[in-house]
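Visitor: Structure incoming, see below.
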Amino acid sequence: MSHKSETGRKRPLGRRHEAGCRVCAHPERERIEGEWIAWGNTSKLAKQYALSRDSLYRHCHALGLFEKRGRNLKGALEKIIEQAESVKVNAGAVVQAIQAYAKINSAGQWVDRTEQVNLNDLFARMSTQELEEYAQRGSLPEWFTNIVGATPSDGQEDKVNG
């Protein structure tokens, strides 16, 4: 039997590890590994499956599961987000977890998304009537402000200053 090392190269799964490993011999081995990779609590998993924490950690090191777990940041963040209603966390922590979750793609990679709006393109989309309204009163069409957001020239400044 062989297994990929943390470097990605195939290496033989040591007979010494396999022969003496309680996780390898466990009938629920695949479930244990899957739950651990999905950021299951090591102590709870060890207790649930009648293993020692040390044997579970040795097994995970021997099979390179730490790398898989590390790529599964979404799993860890899902656990935080799911617990938001039942544990005492501040709103900022939940928002940060959700923001981080949104930046991780399906391959487990962090992706910073940026969005840019070209105002010239938006003005080019405006009708002659909308352009005249903007020139005379400084008011932008609703669709424009929905894309860009409210601007002081949309009368927001007057609302703020009363």
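Visitor: May I ask you to order 55-63, 23-31 by the average number of other C-beta atoms within 10 Å around their residues, highest value first? Mind dumping the intermediate values first?
Guide: On the way: 55-63: 18.3, 23-31: 14.4.
Peptide ranking by packing, descending: 55-63, 23-31.
Visitor: Taking amide H positions as placed in the peptide plane 1.01 Å from N, state which residues far from Ile104 in sequence (5 or more) or on other chains have amide H under 5 Å from it.
Guide: HN-HN under 5 Å from Ile104: Val111.
Visitor: Sorted by average packing, counted as other Cβ atoms within 10 angstrom per residue and highest first, what order do 129-135, 140-146 take?
Guide: Values: 129-135: 12.7, 140-146: 15.0.
Top of the packing list down: 140-146, 129-135.
Visitor: Want the number for Ser139 to Lys47: 0.36 nm per residue separation, take away the alpha-carbon distance, what's left?
Guide: Additional length available on full extension: 26.6 nm.
A short reminder: the numbers here are calculations on the coordinates, not readings from a lab. As the structure is a computational prediction, the values presented were derived from the model and not from experiment. Positions of Cβ are backbone-derived with ideal geometry, glycine not excepted, and every protein chain shown enters the neighbour counts.
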